[in-house]
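Since the structure comes first, as structure tokens, the remarks are kept for the end.
Every read-out reported here was derived from the displayed coordinates using simple, explicitly stated rules and does not represent laboratory data. All values derive from a computational prediction rather than experimental measurement. Cβ atoms come from the backbone with ideal geometry, glycine included; neighbour counts cover every protein chain shown.
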């Protein structure tokens, strides 16, 4: 595993007017001096992702690169080194991802300076998820390839094993929400319905036998925002920070949800109850292209989708009363509608995959 290369205590952290952290002049000069990328032609801010993790696109005589300073709280050196070990292994197997650039002195994939961690990647041009059936199929296929390549991957680092399945923290969050949203009419009944639905889904998944299924390294956050596309093909998968040791079906079900869920504009009452069944099927057919799903896994998928949907909504709403910039109470009502649809149509979704 790559070991952290250290320089020395906290960088100055200037911020842009919108609160996004930026690189300091001295910080940038020192960090770039540790990489052999030739003469630099341009440096441009890349204002995407976490505001606490500044990024720069750098064009030099040796190519185009993305420099990132890790956000506080996501900068445990040994966990980052574990994530890099996964990426370097996948890179050696020609998996589509941005290649890590090593430091010029010791070819380390991460650099530490004044308590912060830096990463330099090759820059890969691409587009966001085009929502076509071809791109959905390929997203499923690439997830299956990820699982196949990492099936027997091992590390000295002990990866996390928690997930959205049967997580006690979901009940804690649902118990907290009526206190956070104490002025929302019917919020207690709504949270009770979601808790009952979550527990029923989790029990159904357990009856499928998930506890006996093999565990392996999964991605942990397989959604459209974590990949780049070109001509309906995945050209790069990013963000390996959620990698953990779990049955692969937890990745598969979350991916099926993320690639088939339907949203809308700011009026949450108009968001559809149903998922896009064609995309749901195409994503999972893509997965089958590399490694076949078992009948037991297929039977668990709609119920795991319910668990994932509820778990994703609960934590930010319990903490802030909001989901992103959306009203928490209205968002939970929309989630409840989608949960009810999945419950009603779970058997049909399973049959559509089994045939």
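Assorted remarks:
- The angle between the Cα long axis of helix 277-288 and the longest principal axis of the Cα atoms of the chain comes to about 60 degrees, rounded to the nearest 10.
- Put the Cα centre of the stretch 149-228 next to the Cα centre of the stretch 80-121 and the gap is 29 Å.
- The convex hull drawn around the Cα atoms of the chain, when projected onto a plane and averaged over every direction, covers 18.8 nm².
- Full-extension gain in nm, residue 161 to residue 72, via 0.36 nm per residue minus C-alpha separation: 29.8 nm
- Nearest 10 degrees, 0 to 90: helix 77-92 Cα axis against the chain principal axis: 90 degrees
- Sorted by Cβ neighbour density within 10 Å, fewest at the top, the residues 161, 132, 204: 161, 132, 204
- Interatomic Cα distance distribution for the stretch 272-343, bins of 5 angstrom, percent: 3, 14, 21, 21, 16, 11, 9, 5, 1
- Taking the longest Cα principal axis of the chain as reference, the axis of helix 295-320 is set at about 70 degrees.
- Model label sites at residue 182 and residue 40, defined 7 Å from Cα along the beta-carbon direction, differ in position by 5.1 nm.
- Percentage of interatomic Cα-Cα distances in the stretch 122-180 larger than 12 Å: 81 percent
- Per-residue Cβ neighbour rank within 10 angstrom, fewest leading, 122, 26: 26, 122
- Scattering curve values for the stretch 5-122, log₁₀ I(q)/I(0), Debye with Cα scatterers, q = 0.10, 0.13, 0.17 Å⁻¹: -0.28, -0.49, -0.86
- Overall form of the stretch 201-320 per C-alpha gyration tensor (a/c, 1.5; a/b vs b/c): rounded
- When each of 334, 166 is scored by the number of other beta-carbon atoms lying within 10 Å, the sequence from fewest to most is 166, 334.
- Among 71, 243, 256: highest mean-square fluctuation, GNM of the chain, C-alpha pairs under 10 Å: 71
- On the basis of the beta-carbon distance and an R0 of 51 Å, residue 107 and residue 341 show a calculated FRET efficiency of 0.50.
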